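Where a number appears in this text, it was derived from the coordinates with a stated rule and is not lab data. Everything numeric here is computed off the predicted structure, so don't read it as measured data. With ideal geometry, Cβ positions are generated from the backbone for all residues, glycine too; neighbour counts draw on all protein chains shown.
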Amino acid sequence: MSWINVGKQMAWWNGRNSEWASSINGVTRGDFVYYDWSGDGTWDHVAVLVGTNSAGQKIVDAHTTDYYHTYWKMGYASTVYKFAHVRDKWIV
């Protein structure tokens, strides 16, 4: 359900468990990439950064197998991206 409630997820996570990164270079495995497909200010989708491919490009997984280990920059010329780095947490 995260792709349906992207705005709510962003509001809950940011500040509590994550911080915004200025670019894709500021995120690593386990962090989030948010997508506003049309650039209209409504966040439409979220994917989890899972690592890099053999070319060294950052890759994500999303809610379907169509987006399994896919290059992170999905979308269109109008797509806006936002990046969230999840803070490390120790639970003992």
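Values for this structure:
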read-out: The stretch 3-55: trypsin sites (Lys or Arg not before Pro) falling in loop per DSSP and having at most 12 other Cβ within 10 Å; value: 16, 29
read-out: Phi-based couplings in Hz for the stretch 31-46 (Karplus 6.51, -1.76, 1.60; Gly and Pro marked x); value: 8, 10, 10, 9, 10, 10, 3, 9, x, 8, x, 9, 6, 9, 7, 9
read-out: For the stretch 18-30, Karplus couplings with θ = phi - 60° (6.51, -1.76, 1.60), whole Hz, Gly/Pro x; value: 8, 9, 6, 10, 7, 7, 4, 5, x, 10, 9, 3, x
read-out: Mean Cβ count within 10 Å, highest first, over the residues of peptides 67-76, 31-40; value: 31-40, 67-76
read-out: Potential extension, residue 73-residue 52 segment - 0.36 nm per residue separation minus Cα distance; value: 6.3 nm
read-out: Convex hull volume per residue in cubic angstrom - Cα atoms of the chain; value: 120
read-out: Proximal aspartates and glutamates relative to residue 8, as straight alpha-carbon distance under 12 Å, when same-chain residues fewer than 8 apart are discounted; value: 44
read-out: Inter-label distance for residue 61 and residue 88, nm, one decimal - labels placed 7 Å from Cα along Cα-to-Cβ; value: 2.3
read-out: The chain: relative contact order as a whole-number percent, Cα under 8 Å and 6+ apart; value: 34
